[in-house]
Amino acid sequence: GMTRPRFSVRRGGATRKNGRTMDQYFHIGLIPLDERPVNTRYPTMLAEIAGVNLHMPSPLILCAQKRPADCAALADWLRQTAPQLDSLIVSLEMFAHGSLISSRISHEPLALILQRLDALRHLKERQIALQILGFNLITRISNANDATEEPDYWDHYGVLLYRFSQLVDEAQQGCDVTVQLLQVEAAIPAQIRHDFVRRRARNHTLNLAALQLVADGIFDQLVLSSDDTSPFGLPSREKRWLAEWASRLGLGDRLLMYPGADEVGCALLARAVNRRRGASLAIEVSYFPADADQIVAAFEDGPIRTTVERQVHAVGGRVVESGGEIWMAVNAPVARRSEWHPDFAVQERDARQAALDALVHEATRRIQNGQPVIVADVAYPNGADPALIDLLLRYTPIDKLAAYGAWNTAGNTIGTALAQACAALVAHKPAQRLAQQRFLLHRFLEDWGYQHLVRSELHAELGVSSLPDAEQRQWVCAQIEVRLNALIERLPGFAGRWRIAPGSVHLPWQRLFE
């Protein structure tokens, strides 16, 4: 966490016409996707900006990496907390499976998982006015021999299972892949294939049950998102089935389906805030370069323009051609569709220099005119574009941005940045404005400082493939703190005023990724 040691902030500030501030009377409950900071801490920080009261279950009953949450305790927490809530955001992965990873690795029977949904039905019967926003994932199929977040057999069969999934779908869409499919089937033991398919059937049934919760009026809104999407595969096939049922059930825009995962909690928090605010949210979007709006970002299944529109809908807004309340500048994906790499850095910067200059010039002009500005830096997945950062630090008052983001997938970045800007619109009190500064600094330090710079330095120093062991982790965390503190000094508007709270850096999943 970051502390501001120089001075304390006086409480108080703007009140509404009726004499009550937003935080005194708006209560949101969140059952998050898992316990990682992006799913718990980011919504907490956004709630502080928006001045809303966020209620989340204790970490003691949430999951911890491969250990599932206590689902019975979550249902108890919900019963006790619900009477105070105006809105509830609930991850079905957490509530019904015990976590995102549990949904992929647990052996729990379908009947038990579905039974846990009854608590949501009972809740809505008791509190008819409670707005419930649900979200769940279409289970991914990781294309790597790595069982960190998957069943143990993924260590040996991950790549083959991914290929199997692709071929099954291609065959059913009329491609002639019989020979390849037989070869791949033969290479995967029958019991593993059976477990893989049975697990998908179970999780698909939970998604069908979630559609039923929308149809029955239990959920006001449902997001069925997917991470690691591709045009072929069992997840794409399941998505088509779900879309067909949704259309038969007449769910309309009460169901949103798009690529995403770790940003959905933040986006739905913003949706609840926007609904409470009562104003229609219009967002003007510009792409840099302008003709790059059709590029498909890494891990996504449609052009970046579609990604943006889906995320804007998720927060409850609409895209307008001009005159929006918020302006979003999108540093569009490079055609290579992969992480920043020194071998391509110069040529990619030169090709986009005019577009980057235009983005920074326009962002600076609009900030000076008092318009909220988002910079969605999605040129590369998993980190900032250093060419854009150089210009922003030189010409733009970055501490006046409504939001900045550059982490993980384009959808993660855009959803989180939109959520921050929505929260910033209602940040009137000094404590809220301070929370806005903290999250903005967090984004620059995390997405540029750590993801782009410090993480790759540490990978190089430790040897790329290594997960730091317990002894190294202490050294790694100390290094991250020192290096990020040095980077704060390069950020105008933040330098000299903020530092990282000593000893507060940790690796939540004992890996360098987050």
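Tabulated values for the structure
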| read-out | value |
| --- | --- |
| Test: residue in the range 465-477 that is open to solvent by 10 Å² or more (accessible area, probe 1.4 Å), under 28 Å from LEU388 (Cβ atoms) and of a type in the set (A, V, I, L, M) | no |
| Looking only at the range 456-509, and only at residues there that are of a type in the set (Asp, Glu) and outside any loop (DSSP other than H, G, I, E, B), the one that is modelled with the highest pLDDT | GLU481 |
| Residue check, ALA119 open to solvent by 10 Å² or more (accessible area, probe 1.4 Å), closer than 22 Å to GLN212 by Cβ and touching a residue at least 40 places away in the same chain (Cβ under 8 Å) | yes |
| Some residue of the range 123-136 being in contact with a Pro (Cβ under 8 Å, 6 or more places away or on another chain), crowded, with 17+ Cβ neighbours inside 10 Å and not polar (S, T, N, Q) | no |
| Candidates VAL223, VAL179, VAL214 - the one that is modelled with pLDDT of 95 or more, in a helix (DSSP H, G or I), surrounded by 15 or more Cβ atoms within 10 Å (Cβ to Cβ) and not aromatic (Phe, Trp, Tyr) | VAL214 |
| From THR364, THR307, residue being of a type in the set (S, T, N, Q), open to solvent by less than 60 Å² (accessible area, probe 1.4 Å) and within 24 Å of LEU222 (Cα to Cα) | THR307 |
| Test: residue in the range 54-70 that is part of a loop (DSSP other than H, G, I, E, B), surrounded by 14 or more Cβ atoms within 10 Å (Cβ to Cβ), modelled with pLDDT under 85 and among the β-branched types (Val, Ile, Thr) | no |
| Residue in the range 338-357 that is under 28 Å from ILE49 (Cα atoms) and without any contact (Cβ under 8 Å) to a residue 40 or more places away in the chain present | no |
| Matching entry among LEU440, LEU391 (being in contact with a strand residue (DSSP E or B) (Cβ under 8 Å, 6 or more places away or on another chain) and not charged (D, E, K, R)) | LEU440 |
| Pair list, Cβ < 8 Å and 6+ apart or interchain, from the range 174-201 residues that are on the phi < 0 side of the Ramachandran plot to residues that are acidic (Asp, Glu) and buried (at least 16 other Cβ atoms within 10 Å of the Cβ) | VAL177/GLU170; ARG200/GLU238 |
| Unique match (being within 18 Å of GLY405 (Cα to Cα) and touching a residue at least 24 places away in the same chain (Cβ under 8 Å)) among ALA267, ALA272, ALA282 | ALA267 |
| Output for the range 73-123, where each listed residue is in contact with a His (Cβ under 8 Å, 6 or more places away or on another chain) and in a loop (DSSP other than H, G, I, E, B) | LEU85, ASP86, SER106, GLU108 |
| Filtered residue count, the range 280-304, keeping only those that are buried (at least 20 other Cβ atoms within 10 Å of the Cβ) and charged (D, E, K, R) | 1 |
| Entirely in the range 386-453, the helices (runs of 4 or more DSSP H) that have 2 or more residues that are open to solvent by less than 10 Å² (accessible area, probe 1.4 Å) and among the polar types (S, T, N, Q) | 410-425 |
| Members of the range 245-263 that are among the small types (Gly, Ala, Ser) and either part of a loop (DSSP other than H, G, I, E, B) or open to solvent by 50 Å² or more (accessible area, probe 1.4 Å) (or both) | SER247, GLY250, GLY252, GLY260, ALA261 |
| Pairs with Cβ under 7 Å, 6+ apart, first in the range 285-313 and under 21 Å from GLU339 (Cα atoms), second in a strand (DSSP E or B) and among the aromatic types (Phe, Trp, Tyr) | ASP293/TYR287 |
| Test for ILE326: is it touching a residue at least 24 places away in the same chain (Cβ under 8 Å), of a type in the set (Val, Ile, Thr), crowded, with 19+ Cβ neighbours inside 10 Å and over 20 Å from GLY302 (Cβ atoms) | yes |
| Residue satisfying all of: in the range 390-433; under 18 Å from ALA358 (Cα atoms) and free of Cβ contacts under 8 Å to residues at least 60 places away in the same chain; nearest to the chain's Cα centre (by Cα) among these | TYR404 |
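The values are calculated or read from the model by the stated rules, or taken from the named source; none is laboratory data. Just so it is clear, the structure is predicted and the values come from calculations on it, not from any experiment. Positions of Cβ are generated from backbone atoms using ideal geometry, with glycine treated the same way; all protein chains shown enter the neighbour counts. Accessible surface is based on the protein model in full, side chains and every heavy atom, while ligands, DNA and RNA are left aside. Shrake-Rupley method; radii C 1.70, N 1.55, O 1.52, S 1.80 Å.
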